[in-house]
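Contents: one structure, followed by commentary.
The values are calculated or read from the model by the stated rules, or taken from the named source; none is laboratory data. Keep in mind the model is a prediction, meaning the values are calculated, not measured. Cβ placement follows ideal geometry from the backbone for every residue including glycine, while neighbour counts extend to all protein chains displayed. Keep in mind that these areas ignore ligands, DNA and RNA; they rest on the heavy atoms of the full protein, side chains included. Shrake-Rupley method; radii C 1.70, N 1.55, O 1.52, S 1.80 Å.
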Amino acid sequence: METTSRVGAQAPAAGGTAEAMPSARRTVDSYLLAPFPWYGLDEAFTGERWLMQVGTAADGTVEHGSIGHGDEPSVRSDGPFGNNEKERFAAVVTVAANPVRRSPDGTGLLEATSVSSAAWLAGVGLLTFTWPSQMDHTLRDDWLDQQTETAWVLADDLQGEDWSTLSLPVDGVPTSFHYRESEFGWVLAGSTEEGVHLGAYGRGMSAYGLGFSVVKDIHEYAG
């Protein structure tokens with residue numbers, strides 16, 4: 001991927017269980033350190049809002065993060081992929097739009113972030129809540145590695161046939177997003193006029209009626 005680094009844009013903790021995630025989040029402090037605005041669903045969404053995780057560079061700089069809306073998802077259900085039809089959620093991923101820049105130790109360069117960065121993070125985020133919970137542990141790890149690589153390949157080809165175009169409002173302005181659906185849910189990615197890239201993923205909640213806006217007070221997500 002030309003403008004995206006999987007080192008610079010670390011994925012959510014997909015190697016652990018989804019039920020382990022609440023202990024890794026719930027703190028608003030790291031969100032407050034971000035040098036960019038956070039995005040979430042706009043005021044048309046009236047359901048629950050909650051914090052997820054942030055990703056940082058080696059020097060501690062916040063580079064991206066996610067916030068959730070609706071039901072908190074879990075892999076614990078009766079479906080083969082943990083797809084509980086009663087769960088309706090959408091997670092919004094905000095990624096700082098960084099140019100090519102020097103690494104914190106000054107020994108190399110970090111690749112620029114792009115819409116593909118947001119698409120990959122959203123794709124892997126969705127996998128976090130859809131991996132086969134009943135599968136043997138070794139096979140499950142192999143499956144997750146394979147699906148993560150697939151998400152990477154798809155994010156690297158946003159003009160490919162797996163993606164369509166969807167126009168959604170961002171701060172009230174119609175904005176074009178790359179959009180795809182799978183058996184696990186949906187993923188979309190685009191950019192904003194505020195200098196960040198946006199990704200989103202979810203299931204049980206249609207992406208077609210969503211709108212995004214700058215989060216005025218991240219404390220509202222702290223619960």
### Query
Is it the case that the range 139-155 has a residue that's open to solvent by 10 Å² or more (accessible area, probe 1.4 Å), closer than 24 Å to PHE36 by Cβ and at pLDDT below 95?
yes
Every listed condition ((1) open to solvent by 30 Å² or more (accessible area, probe 1.4 Å); (2) at pLDDT below 55; (3) touching a strand residue (DSSP E or B) at 6+ places or on another chain (Cβ under 8 Å)) holds for ALA9 save (1)
Exercise. Is one or more of the residues making up the range 213-222 touching a residue at least 60 places away in the same chain (Cβ under 8 Å) and assigned to a strand (DSSP E or B)?
Worked result: yes
In the set ARG102, ARG76, ARG88, the lone residue that is open to solvent by 50 Å² or more (accessible area, probe 1.4 Å) and at pLDDT 90 or above is ARG88
In the range 187-208, residues that are open to solvent by 10 Å² or more (accessible area, probe 1.4 Å) and touching a residue at least 60 places away in the same chain (Cβ under 8 Å) total 8
Condition set in contact with a His (Cβ under 6 Å, 6 or more places away or on another chain) and in a strand (DSSP E or B), scope the range 152-200, selection farthest from SER116 (Cα to Cα): answer is SER191
Restricted to the range 156-180 and to residues being in contact with a strand residue (DSSP E or B) (Cβ under 7 Å, 6 or more places away or on another chain) and open to solvent by 60 Å² or more (accessible area, probe 1.4 Å), the residue farthest from THR192 (Cα to Cα) is ASP162
Condition set hydroxyl-bearing (Ser, Thr, Tyr) and modelled with pLDDT under 95, scope the range 50-68, selection farthest from TYR201 (Cα to Cα): answer is THR61
